[in-house]
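The values are calculated or read from the model by the stated rules, or taken from the named source; none is laboratory data. For clarity, every value in this text was computed on a predicted model and none was experimentally measured. Here the Cβ is made from the backbone with ideal geometry for all residues, glycine too, and neighbour counts use every protein chain on show.
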């Protein structure tokens, strides 16, 4: 009989890291607030490129875009089953699905905070996103660079079948730097290296009765995503994610996805076909078993509703 | 004696009263706002920026070409005006900026959604390009 053991690692250094980022970014934005709302209308010289992407998401990744200050966003995300069973489950539409409901708000320019919950392992996530630098129109800054991070908690009730012993076993983290460029009015691209960290990973006893982990706690990956605007309201979107860390076993598969993005004044809607079946990024990056070479694609959609306060 | 039907008279009365009481109130920008000068010179780039914003925020009610025939226009209490006509185009840039920014009734305020004032001027420049 196989024996599965899960073990924990220290979480404190990561918690300090996220706290420091939150304080640092929050403080700098408080200082910068006094430069808006000039009345009567006086136009300042516009310097930053706008609408690099149509919203916060590009399929399974965050974009470099942060909505304007005061934007409240409600997200509904859905990933159906894989299409490989054909008519049997209507291309995965009747199969088990993963869903996420999320909220986010932009309290200061260039800073977004959020909260979300998904039915996958009853996980909840706190998120932070901050625009470190933004592409300028005169090309003095050719790229936008945005940080995205989350802290995820598995909230399932403790029982003997779950690998949860201590509270810290429930947590995982994701950090990503997103480098984006709006090449022209139609084409935007971004490259985003990421680091996922699970406090708790699967392990086993080897023949010498020593605990061996099946995967590392940390995982590095890189994502490439792009948009091509078909019309002012509709874009073709694509996303590729490549795992970089080699684990002792259970290495994840890359993700290839293609879809459509439709934008209105208050909505952003994406529908796509891809390999990632989870919604939270660290789960996709570390646990994806769908393989595009075996046509294990699934249908997914992201809906965002935006209000401005 | 021949009976006179009152129904036509009632219809005429109701119609007259309706036009008198329920006609759309004129929407004039305050004089100081109407005099505000457009700070973004009209150019191909400005009109292109305005067109993108128009497609995202305005076209669903005002129509792609500003004829007031957007997909949502039939659901509105106020019929969107035809932006190609002289009646609309005779307004000052400042007036168009004010109305776009503040809104009234069915017309939402865009001062928060389009936070950069330069973008609203780009929209005004695009509205000018709709003139026929």
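Exactly one residue out of A:198, A:179, A:147 is modelled with pLDDT of 95 or more and farther than 30 Å from residue B:49 by Cβ: that is A:198. Does residue A:75 qualify as being modelled with pLDDT under 95 and buried (at least 16 other Cβ atoms within 10 Å of the Cβ)? It is false that residue A:75 is modelled with pLDDT under 95 and buried (at least 16 other Cβ atoms within 10 Å of the Cβ). In this structure, residue A:296 qualifies as away from chain B (no Cβ under 14 Å), surrounded by 16 or more Cβ atoms within 10 Å (Cβ to Cβ) and either over 18 Å from the mean Cα position of the chain (by Cα) or assigned to a strand (DSSP E or B) (or both). Restricting to segment B:21-73, and then to whatever is buried (at least 17 other Cβ atoms within 10 Å of the Cβ), touching a residue at least 40 places away in the same chain (Cβ under 8 Å) and under 14 Å from the mean Cα position of the chain (by Cα), can you tell me which residue is nearest to residue B:83 (Cα to Cα)? Per the criteria, the residue is B:66. With respect to residue B:113, determine if the residue is touching a residue at least 40 places away in the same chain (Cβ under 8 Å), assigned to a loop (DSSP other than H, G, I, E, B) and under 14 Å from residue B:54 (Cβ atoms). Against the criterion (touching a residue at least 40 places away in the same chain (Cβ under 8 Å), assigned to a loop (DSSP other than H, G, I, E, B) and under 14 Å from residue B:54 (Cβ atoms)), residue B:113 qualifies.
Here is a yes/no grid of residues against (1) in contact with a helix residue (DSSP H, G or I) (Cβ under 6 Å, 6 or more places away or on another chain); (2) facing chain A (nearest Cβ under 8 Å); (3) more than 28 Å from residue A:53 (Cβ to Cβ); (4) not in a loop (DSSP other than H, G, I, E, B):
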{"position": "B:37", "(1), (2), (3), (4)": "no, no, yes, no"}
{"position": "B:50", "(1), (2), (3), (4)": "yes, no, no, yes"}
{"position": "B:60", "(1), (2), (3), (4)": "no, yes, no, yes"}
{"position": "B:70", "(1), (2), (3), (4)": "yes, no, no, no"}
{"position": "B:88", "(1), (2), (3), (4)": "no, no, yes, yes"}
{"position": "B:118", "(1), (2), (3), (4)": "no, yes, no, yes"}
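Looking at residue A:106, is it within 14 Å of another protein chain (Cβ to nearest Cβ) and either surrounded by 14 or more Cβ atoms within 10 Å (Cβ to Cβ) or on the phi < 0 side of the Ramachandran plot (or both)? When the stated conditions are applied, residue A:106 passes them. Pairs meeting the criteria (first residue in segment A:48-60 and within 14 Å of another protein chain (Cβ to nearest Cβ) and under 13 Å from residue A:271 (Cβ atoms), second residue modelled with pLDDT under 95 and surrounded by fewer than 21 Cβ atoms within 10 Å (Cβ to Cβ), beta carbons under 6 Å, at least 6 apart or on different chains) are lacking. In summary, residue B:106 fulfils each of the numbered conditions (1) in contact (Cβ under 8 Å) with a residue 24 or more places away in the chain; (2) in contact with a helix residue (DSSP H, G or I) (Cβ under 8 Å, 6 or more places away or on another chain); (3) within 12 Å of chain A (Cβ to nearest Cβ) with the single exception of condition (3). Residue A:66 meets the stated requirement of being part of a loop (DSSP other than H, G, I, E, B), in contact (Cβ under 8 Å) with a residue 40 or more places away in the chain and within 26 Å of residue A:230 (Cβ to Cβ). Scanning segment A:228-265 for residues that are within 14 Å of another protein chain (Cβ to nearest Cβ), in a strand (DSSP E or B) and either without any contact (Cβ under 8 Å) to a residue 60 or more places away in the chain or touching a strand residue (DSSP E or B) at 6+ places or on another chain (Cβ under 6 Å) (or both) yields A:229, A:234, A:235, A:261, A:262.
Matching residues to (1) without any contact (Cβ under 8 Å) to a residue 12 or more places away in the chain; (2) out of contact with any strand residue (DSSP E or B) (no Cβ under 7 Å at 6 or more places or on another chain); (3) surrounded by fewer than 19 Cβ atoms within 10 Å (Cβ to Cβ):
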| residue | (1), (2), (3) |
| --- | --- |
| A:112 | no, no, no |
| A:118 | no, no, no |
| A:142 | no, no, yes |
| A:146 | no, no, no |
| A:150 | no, no, no |
| A:157 | yes, yes, yes |
| A:162 | yes, yes, yes |
| A:174 | no, no, no |
| A:177 | no, no, yes |
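For segment A:227-245, the criterion of being surrounded by fewer than 17 Cβ atoms within 10 Å (Cβ to Cβ), over 30 Å from residue A:271 (Cβ atoms) and modelled with pLDDT of 95 or more is met by at least one residue.
Of the residues in segment A:212-219, none is loosely packed, with under 13 Cβ neighbours inside 10 Å and in a loop (DSSP other than H, G, I, E, B).
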